[in-house]
Each structure stands twice: as C-alpha cells, then as structure tokens.
1. Residues of the stretch 39-72 being buried (at least 17 other Cβ atoms within 10 Å of the Cβ) and within 12 Å of the ligand (Cβ to nearest atom), which ones?
2. Return the residues of the stretch 67-113 that are in a loop (DSSP other than H, G, I, E, B) and under 17 Å from residue 47 (Cβ atoms); say none if nothing qualifies.
3. Among (1) under 28 Å from residue 34 (Cβ atoms); (2) part of a helix (DSSP H, G or I), there is one condition residue 64 misses while meeting the rest; what is its number?
Amino acid sequence: MRSLVVPAVFFGALLASCDDHQIGQAPLVGTSCLREPPLTYENFGSDLLNRHCNSCHSVYSRKGQRGQAPLDVNFDTWDDVLFWADRISARSVESETMPPAGGMVPDERVLLGEWLRCEVYPALGQVGGGPGTNQTEGGGT
Ligand code: HEC
C-alpha cells in the first residue's frame, strides 16, 4: 500500500516546486540544478531522445521512415545534442511543436529543459539561466 502512496506525494512535490519557485521547500527541481544525481545524457537525455525523437531524427532511420524530418537533423550522439541544443529547446521545451504528433507529457518537457540547462548548456560554455543554475556547493560527496 505505502509503495503506491509515496511516489504520488513525491511527484506532487516536484510539480509544486516547478510552479511556484518556492526555494527552500522541497527539492529544487525544475528551477535549479541541485538534483542528485543530476540528469545526464547517459541517465536521461539519450533515452528521452530515443523514445520521442529518433524514430524520425536518427541516421539509422531510412529516408522513408523519418516522417519527413530533414536528413541532417539527427540526435544520435552527444555531439548532435550539443549542435542542436537550442533548437531542441525551442521545439520541445519552449514550444510543443516536436514531436509533431505530441506524445510527451508536460513533465518530460520540464525535465528536458532542466537537462539542457544543467548539463548541455554548461558543456557549451553557456550559462543556462534560472536561479541556482550550476550550484554545486554544499552537497558533500
Ligand atoms: C514523426 C517524426 C518526428 C518526430 C518523432 C520528431 N520530429 Fe522533429 N522534425 C520532424 C519534421 C517533419 C521536421 C521538419 C519540419 C519542421 O521543422 O517542423 C522536424 C524538424 C525538427 C528540427 C529542425 C527544425 C528546427 O526547428 O530547427 C528540430 C530541432 C526537431 N525537429 C526537434 C525534434 C525533437 C527534439 C523531437 C523529440 C522531442 C522531435 N523533433 C521529434 C519530424 C519529427
């Protein structure tokens, strides 16, 4: 029984922390980069892109299987992500125009935004913006 209740409560806390920016309450998820462990290409980004994007945006999808996605827009590798980061954000975080038929729930877009802000943009040498970005101190090990 309890195992059903706890995730629901935790999930609610996540959503609340995104909406009202209550710093100091609940984990700072969605507005900062304090998640432990952080979202990475390995534990999050690669899987999300494979599930939601790469049926069309992969070099391994043949021309007729790509749903008309441009042949040069692929998200198979970390380097692809670095190259397309701004456009991934524009199409799937700031707007919901990708995937064309939807299929991503709002939380996935929030997490995608967090990953871009906290791992991808810093790797590009860009500061992603938003309070708490890149705060690493205080975490210990
Ligand atoms: C069903 C096929 C399909 C899926 C799945 C899909 N796309 Fe696309 N994508 C397209 C098509 C078609 C275009 C070209 C037309 C357009 O830009 O709207 C495109 C173009 C793009 C572009 C290049 C144009 C630009 O705005 O810079 C980006 C970036 C992009 N998609 C991101 C994504 C992301 C991120 C996902 C997953 C979250 C995704 N797409 C999922 C079909 C798809």
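Bear in mind these aren't lab numbers, they're just calculated from the coordinates by the rules spelled out. What you see is a predicted model; the values in this text were computed from it and never measured. Positions of Cβ are backbone-derived with ideal geometry, glycine not excepted, and every protein chain shown enters the neighbour counts.
1. 45, 48, 49, 52, 53, 54, 56, 57, 58, 61, 66, 69
2. First pass over the stretch 67-113, keeping only residues in a loop (DSSP other than H, G, I, E, B): 67-77, 93-105.
Selection gives 74, 75, 76, 77, 93, 98, 99, 103, 104, 105.
3. Of (1) under 28 Å from residue 34 (Cβ atoms); (2) part of a helix (DSSP H, G or I), only one is false for residue 64: (1).
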